[in-house]
Amino acid sequence: MTKIETVPTDAGEARITWHPAPKARRVLALGHGAGGGIEARDLAALAAALPARGVTVALVEQPWRVAGKKVAPAPKTLDTGWRGLWPALAEPGLPVVAGGRSAGARVACRTGAELGAAAVLALSFPLHPPGRPESSRAAELLGTGLPTLVVQGGNDPFGKPAEFPSGGTYALVEIPYADHGFAVPKRAPVGQDEALGRIVGSVADWLAALG
């Protein structure tokens, strides 16, 4: 049974939708992107599947979304909101993996180590703005200082898997044919359910390997 918790932060009121595991070993906190909320297909799939595998999933809504605004604030403000709700994520007393999709992945990368996260999960990490590979955000990903998993669509205009820097300490899983929202074309040889299953399976295996 899900539980919704409202958390005050210095950036405004945030919201956590908890999907508890019966015998939880860790918490996976997932923030949304700048263009959508926690209803994103990848976040919803993970929240539905992982509690049965011993992972409590906490879907985090940033204050700007809770307030009904349509445009995300600056990265610094997103980090402030995430820092403010972290104590609520850590309150169950379990290891917390910081994660999110797109802008939420960047927040997790920037703040994970300082907040004491056990690891970082970056879904659809926006390596660069579409068409502007020179504006790389690789430093955020390479600087987590924590075990990090990137799950990236094969056709993501914000950075295809082959564009990611080599030599990093992160692991990368490609979802073939998927775009930034992990949608796959109907003509693709991989179906949408198969793509989501690959996301869930990859994340579950990685979390289990963390120990």
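The values are calculated or read from the model by the stated rules, or taken from the named source; none is laboratory data. Note that the structure is predicted; figures quoted are calculated from it, not measured. As a convention, Cβ positions derive from the backbone with ideal geometry for all residues, glycine included, and neighbour counts pool all protein chains shown. Ligands, DNA and RNA are stripped out before the accessible areas are found, and what is left, the full protein with its side chains, is counted by its heavy atoms. Shrake-Rupley method; radii C 1.70, N 1.55, O 1.52, S 1.80 Å.
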Right, GLU134: in contact with a Cys (Cβ under 6 Å, 6 or more places away or on another chain) and farther than 24 Å from ARG15 by Cβ or not?
-> no
The lone condition LEU146 fails out of (1) outside any loop (DSSP other than H, G, I, E, B); (2) among the aliphatic types (A, V, I, L, M); (3) free of Cβ contacts under 8 Å to residues at least 60 places away in the same chain is (1)
Taking LEU172, is it within 14 Å of the chain's Cα centre (by Cα) and over 19 Å from PRO51 (Cβ atoms)?
-> yes
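Between LEU85, LEU50, LEU59, which is part of a strand (DSSP E or B) and either without any contact (Cβ under 8 Å) to a residue 40 or more places away in the chain or in contact with a strand residue (DSSP E or B) (Cβ under 9 Å, 6 or more places away or on another chain) (or both)?
LEU59
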Residue set LYS70, LYS23, LYS76; condition open to solvent by 70 Å² or more (accessible area, probe 1.4 Å), farther than 22 Å from VAL203 by Cβ and assigned to a loop (DSSP other than H, G, I, E, B); output residue LYS70
So how many residues does the range 56-67 have that are touching a Leu at 6+ places or on another chain (Cβ under 9 Å) and either among the hydroxyl-bearing types (Ser, Thr, Tyr) or open to solvent by 50 Å² or more (accessible area, probe 1.4 Å) (or both)?
-> 1
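Quick grid of which residues meet (1) polar (S, T, N, Q); (2) open to solvent by less than 30 Å² (accessible area, probe 1.4 Å); (3) in a helix (DSSP H, G or I):
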| residue | (1), (2), (3) |
| --- | --- |
| LEU89 | no, yes, yes |
| ALA113 | no, no, yes |
| ALA122 | no, yes, no |
| PHE125 | no, yes, no |
| SER135 | yes, no, no |
| PRO157 | no, no, no |
| SER166 | yes, no, no |
Failed criterion for LEU94 (all others in (1) in a loop (DSSP other than H, G, I, E, B); (2) within 19 Å of GLU5 (Cβ to Cβ); (3) touching an Asp or Glu at 6+ places or on another chain (Cβ under 8 Å) hold) = (3)
